[in-house]
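Written out below as structure tokens is the structure these notes cover.
The values are calculated or read from the model by the stated rules, or taken from the named source; none is laboratory data. Bear in mind that the values here come from a model prediction, so they are computed numbers and not experimental data. For neighbour counting, all protein chains shown are included, and Cβ atoms are generated from backbone atoms with ideal geometry for every residue, glycine included.
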Amino acid sequence: MSNSNNLDEQPIHIVLVGNPNTGKTTLFNTLTGQNQKVSNLPGTTIEEKKGFFIEDSTKVNITDLPGTYSLYPNGEDEQITTQFLLNHNANAIDAILFVADASNLERNLLLYTQIADLGIPTLIALNMLDMLEKKKIDIDVSQLSLSLQSLVNPINARSGKGISQLKLAILKSKMAVQRSFFAPTEEQNKLIAFNSETGTPYYKWQSFFSKFKSNELDNEYLTIFKEIVPFSDKTIADETSNRFNIIHEIVVESTLKKEFNKKSITQKIDSVLLHPIWGFLIFFGTLFVIFQSIFRLAEFPKSWIEALFTWLTISLKDTLPDNTFSQLLCDGILPGLAGVMVFLPQIIILFFILALLEDSGYMTRVSFITDRLMRKFGLNGKSVIPLIGSMACAIPSIMATRNIENKKDRLITILVTPLMSCSARLPVYTLLAGLLFIQNTSALIDLRGLLILAMYIIGFIVALLFAFIFKLILKQKQKSFFVLELPDYRLPKWRNIAITLKLKTKDFVFNAGKIILIVSVILWFLASHGPSEKFDAIATKYSTYNGVDKELKIQSEKLEASYAGMLGKSIEPAIQPLGYDWKIGIALITSFAAREVFVGTIATIYSVGNTDDKSVISGTLAKQTNAQTGEKTYGIAVVLSLLVFYAFAMQCISTLAVTYRETKSLKWPFVQFLYMSGFAYLMSLIVFQTLK
Amino acid sequence: MTAADLKKGEKAVITEVIYCDLQCKLLEMGCYCGKDIQMLFKAPFGDPIAFDIDGYTLGLRKEEALKLIVELK
């Protein structure tokens, strides 16, 4: 820390650019360690990863840009990289660190030659030398540096080999110059001559082209451009072919292939994992293991957290004087927080397994084997990653749809992704599943785990159903395609996973925790206060009553008369057909802030009207009965109706906000809210009315 | 013949990338004239198809593989 105060040099700003699956993120983590944060790109709401390191008393700021194969963007995430580089002056970029995968050099160098032509100082980090040895290819790094006329730094981002030399090279990167590869056509030259920006000819061409693609070109230029547009696809194809001709020669000069025919480990694993029959079985087996482990493994830390909160509540009640503050703390805040924090272990396990699948390279295989099926439903194999990721959270998943090139495929994926059961529903499902099945740790299969797996599958099926409906309604403008690299299998990089887990857990605890805290406080207030004349009337009514349940009766009548009770009662006519009473009504209303608030709300509501010290909510709920009929409040019909409602209803403001951001239109979040909540209401109605 | 006609394990050389919307994308992914291509495996129901393009694995739909004219090695 003291280092950052006496830096004698100006900070350097570099950006990381490269193809997807080149180990760019691993290199970013290796270079910056813990010094990183995720923030929004200036002027947009697109996430960017930033970090820094200090070497030789110079601070080096690094921005990690989304991986791309070319500067001509095919999807939204590729467009981010191109735009960022074209605005390199505004973004104050000193140099580019280009990450190239050594085992696939020719394809990687295409992007390098385009970037080199932009005229921004560029360094090359040649990654994965260990993979290279396995593939029996040898690269002459000094020959490669010579042919590219650029400094090539061999590294192994995973082991850290070559990183210290790379850091030293970065300090001098501002001075880097590189050769040009661009041979403009006659038409391109005409356009370039018209562009008065400062920059290399290729920069001027790219700047023109991107403005044309985003309809920002002035009329005057548009006329000139249109002369060339009919050929623009061919222009780019020719440019790409020319680049590959040069690259091919360079790579041939500097590589020596020893052996090529040997079947790689990846291909051997693929022959099992992508087997027409075994492939699907393994996929479903994996899902099964995920849901079982969520319950089995989380059981212990969960009981510790429960015990901690129970102990905390009891000891605070004993030591604090009985006043408004201690009531707020023990009846409002603590039960609310406990209700959600006990689910932290499950959520961490889910995020961990998903990160593992993503990092190992298995997730893209799932895209590959499901593409044909998904296509039938108006989706794309690439939709599977957002859909599976949505089991954790729909928000990053909706952002992850950016790599779906086709606009319609992407829009449909965004619209149906929130139907997948996310981790916020997990606490709700767990609570409700606990009401249906008694916990039995000795059983071979956890029935609650099975029910929740069923809920996830139902979510998926309904997502496909609506995707199909949207496919029929929405108009297709662009051809759908699926061109996907299947990266080599890799042992997961634990450090990458640890960093991801840390960021996500922090996000859950602080963001969800904040909302829950606020909601708990408001709820506690609403549930323990009410119009004073009603409260006085209750006090008078029981002043002469002397039964043992006096306190309990007063409490429950007060809750009904409270502001929260009034709120719940006001929506009771709408939710009664679904089997819900006004207490559930309160929880439904607060759930619109975030689904997991349901559990905290239920915990707060029942602990206000309850003298029991037990913090285990499901036990309390199982005992609840309807005041009029004497039936259980949480009977099978009600529990199933609630399960269905929470599975389908759009109850997440953050998701709606991200849909708005990604579709840039208010129409789509509106459509999303209406179709999901409407469907949820209808299905809950059917479930309750059939089962009651 | 096209890349879609290759049988499992067959090796070929790309001789032409047919002009289409995807021509640029296919080129960018390293499918250009003179490149070695090998059919690795197919997804269930024969679509999409995975190819080895000079050391890396690329998944393409059948209709996309039809755009790659190849010659058996």
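When A:259, A:227, A:253 are checked against the criterion of being at pLDDT below 85 and more than 12 Å from every other protein chain (Cβ to nearest Cβ), a single residue qualifies: A:227. If you go through region A:230-245 one residue at a time, do you hit one that is farther than 21 Å from residue B:25 by Cβ, free of Cβ contacts under 8 Å to residues at least 40 places away in the same chain and surrounded by fewer than 16 Cβ atoms within 10 Å (Cβ to Cβ)? No, the conditions are met nowhere in region A:230-245. Residue A:660 meets all of the listed conditions (1) at pLDDT below 90; (2) outside any helix (DSSP H, G or I); (3) within 30 Å of residue A:407 (Cα to Cα) but one, namely (2). Being within 26 Å of residue A:406 (Cβ to Cβ) and touching a Gly at 6+ places or on another chain (Cβ under 9 Å) holds for only one residue in A:357, A:373, and it is A:373. Here the condition is being touching a Pro at 6+ places or on another chain (Cβ under 7 Å) and surrounded by fewer than 24 Cβ atoms within 10 Å (Cβ to Cβ); of A:401, A:413, A:417, A:364, it holds for A:364 alone.
Look at residue A:466 and say whether it is surrounded by 17 or more Cβ atoms within 10 Å (Cβ to Cβ) and either hydroxyl-bearing (Ser, Thr, Tyr) or at pLDDT 85 or above (or both). Yes.
Condition check ((1) touching a Ser or Thr at 6+ places or on another chain (Cβ under 8 Å); (2) without any contact (Cβ under 8 Å) to a residue 40 or more places away in the chain) across all residues:
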| site | (1), (2) |
| --- | --- |
| A:165 | no, yes |
| A:169 | no, no |
| A:172 | no, yes |
| A:181 | yes, no |
| A:226 | no, yes |
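Identify, from the list A:486, A:503, the residue that is at pLDDT below 85 and surrounded by 13 or more Cβ atoms within 10 Å (Cβ to Cβ). Matching residue, one of A:486, A:503: A:503. Answer yes or no: is there a residue in region A:625-639 that is over 18 Å from residue A:584 (Cβ atoms), at pLDDT below 95 and in a loop (DSSP other than H, G, I, E, B). No, that holds for no residue.
Is it fair to say residue A:521 is on the phi < 0 side of the Ramachandran plot and within 14 Å of another protein chain (Cβ to nearest Cβ)? For residue A:521, the condition - on the phi < 0 side of the Ramachandran plot and within 14 Å of another protein chain (Cβ to nearest Cβ) - is not met.
Only one of the listed residues (A:317, A:302) is under 33 Å from the mean Cα position of the chain (by Cα) and assigned to a helix (DSSP H, G or I). That residue is A:302. Among the helices (runs of 4 or more DSSP H) confined to region A:49-153, the ones with at least 2 residues that are within 26 Å of residue A:404 (Cβ to Cβ) are located at A:76-86, A:105-116.
As a summary of the residue check, residue B:3 satisfies the conditions (1) of a type in the set (Gly, Ala, Ser); (2) touching a Cys at 6+ places or on another chain (Cβ under 9 Å); (3) facing chain A (nearest Cβ under 7 Å) except for the one numbered (3). The residue list A:388, A:414 contains one member that is under 17 Å from the mean Cα position of the chain (by Cα), closer than 24 Å to residue A:659 by Cα and modelled with pLDDT under 85, which is A:388. In region B:11-38, of all residues being at the interface with another protein chain (Cβ under 9 Å from one of its Cβ atoms) and among the acidic types (Asp, Glu), the one that is farthest from residue A:105 (Cα to Cα) corresponds to B:21.
Residues in region A:471-498 that are basic (Lys, Arg) and within 20 Å of residue A:414 (Cα to Cα): A:471, A:475, A:477, A:479.
For every residue, the table says whether it meets (1) at pLDDT 85 or above; (2) away from every other protein chain (no Cβ under 14 Å); (3) part of a helix (DSSP H, G or I).
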position	(1), (2), (3)
A:269	yes, no, yes
A:275	no, no, no
A:280	no, no, yes
A:285	yes, yes, yes
A:290	no, yes, yes
A:293	no, yes, yes
A:297	no, yes, yes
A:306	no, yes, yes
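Taken over region A:443-486, the residue count meeting the criterion of being within 14 Å of chain B (Cβ to nearest Cβ) and touching a Phe, Trp or Tyr at 6+ places or on another chain (Cβ under 8 Å) is 3.
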